[in-house]
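Colleague: For reference, the structure I am asking about is given below.
The values are calculated or read from the model by the stated rules, or taken from the named source; none is laboratory data. Predicted model only: the values in this text are computed from it and were never measured. Neighbour counts are summed over all protein chains in view; Cβ atoms, including those assigned to glycine, are modelled from backbone coordinates with ideal geometry. Just so you know, the surface numbers come from the protein's heavy atoms only, side chains and all, with ligands and any DNA or RNA stripped out. Shrake-Rupley method; radii C 1.70, N 1.55, O 1.52, S 1.80 Å.
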Amino acid sequence: MTERPNILIFMVDQLNGTFFPDGPAGFLHTPHLRALADRSVRFTNCYTASPLCAPGRASFMSGQLPRRTRVYDNAAEFSAEIPTFAHHLRAAGYATCLSGKMHFVGPDQLHGFEERLTTDVYPADFGWTPDWTRPDERIDWWYHNLGSVTGAGTAEITNQLEYDDEVAFFATQKLYDLARGADARPWCLTVSFTHPHDPYVARRRFWDLYADCDQLEPRVPAIAYADHDQHSRRLLDASDWRRFAITDEHIRRSRRAYFANISYLDEKIGELLGVLERTRQAERTIVLFLSDHGDMLGERGLWFKMSFFEGSVRVPLLLVAPGLPAATIETPVSTLDVLPTLADLAGIDLAEIAPWTDGESLLPVAQGAARSGPVMMEYAAEGSIAPMAALRDSRYKLVVSPADPPQLFDLASDPDELVNCAGDPAYADDFERLSSLANTFWDMPSYDIEVRQSQARRLVVYRSLRNGAYYPWDYQPLQRASERYMRNHMDLNVLEEEKRYPRGE
């Protein structure tokens, strides 16, 4: 049997895929990601399954849309019964490990990972549950506001920098341990960072790289509140926009820090790829780089995610695999496709995987085949008042919701999505075609009921669990101190040899 490849996954948070038109854009200082892109299959039109952290990550892990995972928002439990790529790989004999964020909500904080090296950066309980019965209420203690924009700038340490430094450190340790060969199984290591997610604060040496950057202003300036579509107005209200006077300088500083944090990530990823190379594991290791969703970053006056506009839903996807030549693929694909792709690369029978995924393997697409259908996306979290869904085919994007008029964008002629073609007779056939598909895919009244019932249950449970003794579900990393470094049940001579890599040089 051919040796099965190892798998190294880099997931980052809130990285706008429009800045990766074919690998990193030229203005980004990202030498390591550029070198990775040069040897990758680059999927230039990859879309998240849902433009929010927990739903997007649960869908990436499971290959299922949020309505199937029931992870509708950032406080919805990811059920332990739902298979993930970590489960499928582990069942096939892989060692599976996570370093970093995956925003699992609920008691199961592993979801198929055999080992987890860090805690999460966000809480695992139901405290961030939206309430659609009160659509006009801002939940100020956890809703995003524009303080991330007005507070943009530099710092040498922050909550998020501390976290990602730790993620990289433990991942580096793990790569060395894997190289030493104590575990003979093939491995899958997922390294998941929280940058460049806001707040937009960066270390000075990365900030300084963008002093003369010509991309510090959005392509599409802010749009008057009344001229936004209904969902965008809700997102502005959710970000408490009236309380903040956003200046051009705030925008420039926010974008500068965001780009600086992409460079920070590039350095961390470069260090890990260097370890992979120096420990002679690179040639037999698949490398995947992607984000959970994007960031509007001031385009149209919108920030963060939660929207179906390109800046929010389009993400980078780079894939390096033994025997897979570098290429640029413009076919729209989905983060849902990661699970079947990894299974395909690991030699797992895709017929066994098919019932558990809404995605499809990208290997045929990487070799020029068409994807079987349009990319599907869903959103049912804060800033919405009813479920939303989107379809992206080779040219068009349709957005539908029972709460709002439909939107149809011709991305070939209108990449900035400024013209809604839903009522244009010239687009009637395409609108009807995609609308018919959407009606086939989604039963919106039932979807709406399911989300509201989930919210109501969780709000009851959360209030109960915060009364009296509080037991959080946050993951507590365990280190077996008695098995580390040198202890008296160990033979020092054996230990020194086993912990050295390469040996005998």
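Colleague: Give me the 1.4 Å probe accessible area per residue for segment 1-49, excluding ligands and nucleic acids, in Å².
Modeller: Here the per-residue accessible area is 33 Å².
Colleague: Rounded, prolate or oblate for segment 415-480? Axes are the square roots of the Cα gyration tensor eigenvalues, ordered a ≥ b ≥ c, and the cut-off for rounded is a/c under 1.5.
Modeller: prolate
Colleague: Across segment 462-468, in residue order, what do the Karplus-derived ³J(HN,Hα) couplings come to in whole Hz, using 6.51 cos²θ - 1.76 cosθ + 1.60 with θ = phi - 60° and x for Gly and Pro?
Modeller: 5, 4, 5, 5, 8, 9, x
Colleague: In whole percent, and with a 1.4 Å probe on the protein chains, what portion of the accessible area of the chain is carbon and sulfur?
Modeller: Roughly 51 percent of what the probe reaches on the chain is carbon or sulfur.
Colleague: Between beta-carbons, use under 13 Å as the cut-off and find the net charge around GLY153, counting Lys and Arg +1, Asp and Glu -1.
Modeller: +2
Colleague: Could you work out the Rg to Rh ratio of the chain, with Rh taken as the Kirkwood radius (inverse of the mean 1/r over all Cα pairs)?
Modeller: 0.96
Colleague: If you take every residue apart from ALA182 with its C-beta less than 10 Å away from the C-beta of ALA182, what net charge results, scoring Lys and Arg +1 and Asp and Glu -1?
Modeller: Charge balance near ALA182 sits at -1.
Colleague: Quick one: 3J(HN,Hα) in Hz for segment 265-282, Karplus 6.51/-1.76/1.60 with θ = phi - 60°, rounded, Gly and Pro as x.
Modeller: With the stated coefficients, segment 265-282 comes to 4, 4, 5, 5, 5, x, 4, 5, 5, x, 4, 4, 5, 5, 9, 6, 10, 5 Hz.
Colleague: Would you please report the Å³ per residue occupied by the convex hull of the alpha carbon atoms in segment 4-76?
Modeller: In segment 4-76, the Cα hull volume divided by residue count equals 118 Å³.
Colleague: Apply the Karplus parameterisation 6.51 cos²θ - 1.76 cosθ + 1.60, with θ equal to phi minus 60°, to every residue of segment 197-207 and state each ³J(HN,Hα) to the nearest whole Hz, in sequence, with x for glycine and proline.
Modeller: 3, 4, x, 7, 9, 9, 5, 4, 5, 7, 4
Colleague: Test of understanding: what is the full-extension gain from ARG242 to ALA428, defined as 0.36 nm times their sequence separation minus their Cα-Cα distance?
Modeller: Full extension from ARG242 to ALA428 adds 63.2 nm.
Colleague: Nearest 500 deg cm²/dmol is fine: what mean residue ellipticity at 222 nm does the chain get from its DSSP H runs of n ≥ 4 alone, each adding -39,500 (n - 2.57), divided by its residue count?
Modeller: -9500 deg cm²/dmol
Colleague: For segment 208-286, divide the Cα radius of gyration by the Kirkwood radius and give the resulting Rg/Rh value with two decimals.
Modeller: 1.21
Colleague: With a ≥ b ≥ c taken as the square roots of the eigenvalues of the C-alpha gyration tensor of segment 362-423, please select rounded if a/c is under 1.5 and otherwise prolate if a/b is larger than b/c or oblate if it is not?
Modeller: Taking the square roots of the gyration eigenvalues as a ≥ b ≥ c, segment 362-423 is oblate.
Colleague: Would you mind giving the average projected area, over all directions, of the Cα convex hull of segment 29-131 in nm² with one decimal?
Modeller: Mean orientational projected area (segment 29-131, Cα hull): 8.5 nm².
Colleague: While we're looking at this one, here's another question. I need the peptides 356-368, 483-495, 236-248 ranked by packing, meaning the mean over residues of other C-beta atoms within 10 angstrom, with the highest value on top.
Modeller: Descending mean neighbour count gives 356-368, 236-248, 483-495.
Colleague: May I pose another question? Would you tally the net charge around TYR200, using a Cβ to Cβ cut-off of less than 10 Å, leaving TYR200 out, and scoring K and R as +1, D and E as -1?
Modeller: Net charge around TYR200: +1.
Colleague: If you count only protein heavy atoms with a 1.4 Å probe, what accessible area per residue comes out for segment 127-198, rounded to a whole Å²?
Modeller: 42 Å²
Colleague: Give the shape of segment 81-158 as rounded, prolate or oblate, defined through the alpha-carbon gyration tensor: a ≥ b ≥ c are the square roots of its eigenvalues, a/c under 1.5 means rounded, and otherwise the shape is prolate if a/b is larger than b/c and oblate if not.
Modeller: oblate
Colleague: Contour minus end-to-end for ARG34 and ASP349, with contour as 0.36 nm per residue of separation and end-to-end as the Cα-Cα distance?
Modeller: Extending this stretch completely gives an extra 110.1 nm.
Colleague: May I pose another question? Could you check the spin-label model distance between ASP414 and GLN453? Points 7 Å from the Cα along Cα→Cβ, value in nm.
Modeller: Rounded to a tenth, the inter-label distance reads 3.8 nm.
Colleague: Of the listed peptides 207-214, 330-337, what is their order by residue-averaged count of other C-beta atoms within 10 Å, with the highest listed first?
Modeller: Packing order, densest peptide first, comes out as 330-337, 207-214.
Colleague: Find, among the trypsin sites (Lys or Arg not before Pro) in segment 424-478, those assigned to loop by DSSP (not H, G, I, E, B) with at most 12 other beta-carbon atoms within 10 angstrom.
Modeller: Answer in residue order: ARG466.
Colleague: For labels at LEU492 and ALA370 in the simple 7 Å Cα→Cβ model, what's the distance in nm?
Modeller: Each label point lies 7 Å from its Cα, and together they span 7.0 nm.
Colleague: How many Å² of accessible area per residue for segment 362-499, probe 1.4 Å?
Modeller: 57 Å²
Colleague: Expressed in nm to one decimal, what extension gain is obtained for the pair SER394 and THR328 from 0.36 nm per residue of sequence separation less their Cα-Cα distance?
Modeller: Here the segment from SER394 to THR328 would lengthen by 22.3 nm.
Colleague: Considering only lysines 8 or more places apart in sequence, or on different chains, count the pairs in the chain whose C-alpha atoms sit under 22 Å apart.
Modeller: 6
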